[in-house]
Each structure stands twice: as C-alpha cells, then as structure tokens.
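Have a look at the structure below, then the notes.
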Amino acid sequence: MSEVCIPRALLFSLIILLPCCEPAFCAPEVEWITGWGTEHEDHVFEGVHVEGGGFCVVGKCGDPDSSKVNGFVMKIDATGEQEWLTVLGKQGFHDEARCIIEVHDGFIVGGTTGISKRRSKACLWKIS
C-alpha cells in the first residue's frame, strides 16, 4: 500500500489560506429591485438584455377576474427605470406576451392573442 506524502509547507499553506478564500460559486447579490404595474395581477414572463444597454421584459397586465388582459413589452435601463412601454392586443380580449428576442431593427414577441371572448391563438408581434 502506498502512502500519499504532502510536503509540510504545502499542507501548512493550505490550512492558512483556505479559510480566506471565498467559494467560486457564491450566491449573487441583488443590485436593485423595482416594480411596475397596476393593482391587478400583472406578470413579467421573460426579460432579455438588449444591445445598447438595459433590458426588455414581456408579460401581461389587467384584471384576471374578467379574463381581459393585455400583453406588454417594456424597456428598462440598466438601473431598472422604465424607458418605454407598449401594450399589445385587443381591448376586451385575453392577450399575453410570453417571450422576446431582439432583432436588428426591433423585437419579435411571442404570445397569445384573443380571437373571441373564449378563444385565443398563438401570435407573433414585431415591435420597431
């Protein structure tokens, strides 16, 4: 049976230095938190970092009891301040924006749009 030999200097260094090291995968710190919306159940479903800085988020806003909600796209800056907001969908129908991707001249948003009071279908919006 072979023995593993660790030089005393290396062992001493590890004992002294290890307590000083932070784990490589520690939990991130919250830099800022902000909120928007109405008194109803508003939700953000996805957010992406955009070229030029900041983020775009998509979601839904409106009154869940009436089944009348609208999708939205919102641009926020790097500190969480709202820059602009676009509401998507038809008034009185259930519309949701679920995903977003940045393209060279704007954004493509995926979601659902109402086609009647009780039915909806998959939808893409182009935002410029």
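How many residues are among the charged types (D, E, K, R) and in contact with a strand residue (DSSP E or B) (Cβ under 9 Å, 6 or more places away or on another chain) if we restrict to the range 106-128?
The number of residues fulfilling the criteria is 2.
Could you tell me whether G92 is on the phi > 0 side of the Ramachandran plot, at pLDDT below 85, surrounded by fewer than 19 Cβ atoms within 10 Å (Cβ to Cβ) and touching a strand residue (DSSP E or B) at 6+ places or on another chain (Cβ under 6 Å)?
Yes, satisfied.
Looking at (1) within 17 Å of W36 (Cβ to Cβ); (2) at pLDDT 90 or above; (3) in a strand (DSSP E or B); (4) not polar (S, T, N, Q), which one does G62 not meet, given that it meets all the others?
(2)
With respect to the numbered conditions (1) at pLDDT below 90; (2) part of a strand (DSSP E or B), which one is the sole condition not fulfilled by R98?
(1)
The values are calculated or read from the model by the stated rules, or taken from the named source; none is laboratory data. Here the structure is a predicted model, which is why all the values come from computation and not from measurement. Here the Cβ is made from the backbone with ideal geometry for all residues, glycine too, and neighbour counts use every protein chain on show.
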